[in-house]
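Have a look at the structure below before the remarks.
The values are calculated or read from the model by the stated rules, or taken from the named source; none is laboratory data. As the structure is a prediction and not an experimental result, all values here were calculated from the model. FYI the Cβ positions are ideal-geometry reconstructions off the backbone, even for glycines, and counts take in every protein chain you see. Just so you know, the surface numbers come from the protein's heavy atoms only, side chains and all, with ligands and any DNA or RNA stripped out. Shrake-Rupley method; radii C 1.70, N 1.55, O 1.52, S 1.80 Å.
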Amino acid sequence: MKIVTGIVIVALLGGGYGWKLHKDNEMASAIAGDADTIQVAPVGPTFNSDSAYAFTAAQCAFGPRTMNSTAHDKCESWIKSKFKSYGLEVKTQKADLKGIDGELFHSTNIMASYNPKATTRILICAHWDSRPWADNDPDSTKHNEPVMAANDGASGVAVMLELARTISKDKKLNKDIGIDFVCFDAEDSGKDGDDDSWALGAQYFASHQPEGLSWSYGILLDMVGGEGAQFYQEQMSMQFAPDIVTKVWNAAAAAGYSAYFPTESGGAVTDDHIPLNKAGIPTVDIIPFYRDLPDNSFGPTWHTTSDTMDHIDKNTLKAVGQTVIQVLYSE
């Protein structure tokens, strides 16, 4: 994913995933959201951060899950087997997608459905591939090394797996609600200057949506396990899905995690939620915004060889996982 900070979106351009940007501090304050937090009691089962941490580590044990690699193939099989073990219906969406350098990526989107017969459905998603180049590493000699992607990839999938395990075991979610957990592939091989080169799997999913399915809203989980992370309200989420932003941030407050979810504006991000929103699925991006890092607001390990289990924080995983539980069990 790519971020542009200190901006407000004023108009989307037709075609592609580019947009017109305008810096306007007054509008930024408005987008940050001054809506009153609804006081609600915590609901739903307890999210197990130890389990989510173990799921993150299990993905990293395969090595970097870069496109067309053996580690990528092995991790795909593992993710599918874990969702199936919790009783979810698993389907895959395979496509050969062309990367920015002309390489053909053998891509697989994985969809695991809880309560597949329910007509009211919520989409929870994350990307599962690893970036092939650590091009933000402070050591320039490592810029062509792959990223382990403990946070930028594995953490989002791990939270989804723990959500699936918890909900399936609990069996008390509203029976009218169905959930589709989607692991997007080929997200992180993009390059600056070409917005279309990011989120290839999500772009494909958005233009080839499974027949007969529609979603009330979506929640994207990206880099949800990092040390010191806070999840400000991402500007494109506010542009497309302000009501869902309010829902999620209110849920975080109700679950006791408002410190992790400030009701202030973060950056605008090119991520998997953009093609979903453009396809009519209102989707918010839960993604960190490190306000005090002037050169990299995604955090110190983003697109570096330091994106390893050494920098995964169970407390961050817990804050995000429990917030999503609060959202789902409040429906």
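Note on the stretch 228-248: among residues that are open to solvent by 10 Å² or more (accessible area, probe 1.4 Å) and not polar (S, T, N, Q), the one that is nearest to Lys318 (Cα to Cα) is Gly228.
On the stretch given as the stretch 194-215, residues that are part of a loop (DSSP other than H, G, I, E, B), over 17 Å from the mean Cα position of the chain (by Cα), modelled with pLDDT of 95 or more and among the small types (Gly, Ala, Ser) total 1.
Which residues, taken from the stretch 288-331, are of a type in the set (D, E, K, R) and open to solvent by less than 20 Å² (accessible area, probe 1.4 Å)?
Asp307
Restricted to helices (runs of 4 or more DSSP H) entirely inside the stretch 219-331, those with at least 2 residues that are at pLDDT 95 or above, polar (S, T, N, Q) and farther than 20 Å from Tyr53 by Cβ are 235-240, 242-254.
Please find, among Asn250, Asn277, the residue that is more than 17 Å from the chain's Cα centre (by Cα) and touching a residue at least 40 places away in the same chain (Cβ under 8 Å).
Values: Asn277 fails: more than 17 Å from the chain's Cα centre (by Cα).
Residue meeting the stated conditions: Asn250.
Could you tell me whether any residue of the stretch 183-190 is open to solvent by less than 10 Å² (accessible area, probe 1.4 Å) and outside any loop (DSSP other than H, G, I, E, B)? Checked the stretch 183-190: at least one residue is open to solvent by less than 10 Å² (accessible area, probe 1.4 Å) and outside any loop (DSSP other than H, G, I, E, B). When Pro42, Pro64 are checked against the criterion of being under 30 Å from Phe105 (Cα atoms), open to solvent by 30 Å² or more (accessible area, probe 1.4 Å) and at pLDDT 50 or above, Pro64 stands alone in meeting it.
Is one or more of the residues making up the stretch 155-177 part of a helix (DSSP H, G or I), closer than 21 Å to Ile100 by Cα, touching a residue at least 40 places away in the same chain (Cβ under 8 Å) and touching a Ser or Thr at 6+ places or on another chain (Cβ under 7 Å)?
Residues of the stretch 155-177 part of a helix (DSSP H, G or I): 155-170.
From what's left, closer than 21 Å to Ile100 by Cα: none.
There is no residue in the stretch 155-177 that is part of a helix (DSSP H, G or I), closer than 21 Å to Ile100 by Cα, touching a residue at least 40 places away in the same chain (Cβ under 8 Å) and touching a Ser or Thr at 6+ places or on another chain (Cβ under 7 Å).
Restricting attention to the stretch 93-128, the residues that are polar (S, T, N, Q), within 30 Å of Glu331 (Cβ to Cβ) and surrounded by 15 or more Cβ atoms within 10 Å (Cβ to Cβ) add up to 5.
The set of residues in the stretch 118-138 being in contact (Cβ under 8 Å) with a residue 60 or more places away in the chain and out of contact with any strand residue (DSSP E or B) (no Cβ under 7 Å at 6 or more places or on another chain) consists of Asp129, Ser130, Arg131, Pro132, Trp133, Ala134, Asp135, Asn136, Asp137, Pro138.
Per the listing Ala112, Ala71, Ala58, the residue uniquely within 19 Å of the chain's Cα centre (by Cα), part of a helix (DSSP H, G or I) and at negative phi is Ala58. Between a residue in the stretch 207-231 that is over 20 Å from Val248 (Cβ atoms) and touching a residue at least 12 places away in the same chain (Cβ under 8 Å) and any residue that is surrounded by fewer than 24 Cβ atoms within 10 Å (Cβ to Cβ) and among the charged types (D, E, K, R), which pairs come within a Cβ distance under 6 Å, given they are 6 or more apart or on different chains? Note: pairs meeting the criteria are Glu227/Asp313. Does Lys175 satisfy the condition of being open to solvent by 40 Å² or more (accessible area, probe 1.4 Å) and farther than 19 Å from Trp302 by Cα? Spelling it out, Lys175 is indeed open to solvent by 40 Å² or more (accessible area, probe 1.4 Å) and farther than 19 Å from Trp302 by Cα.
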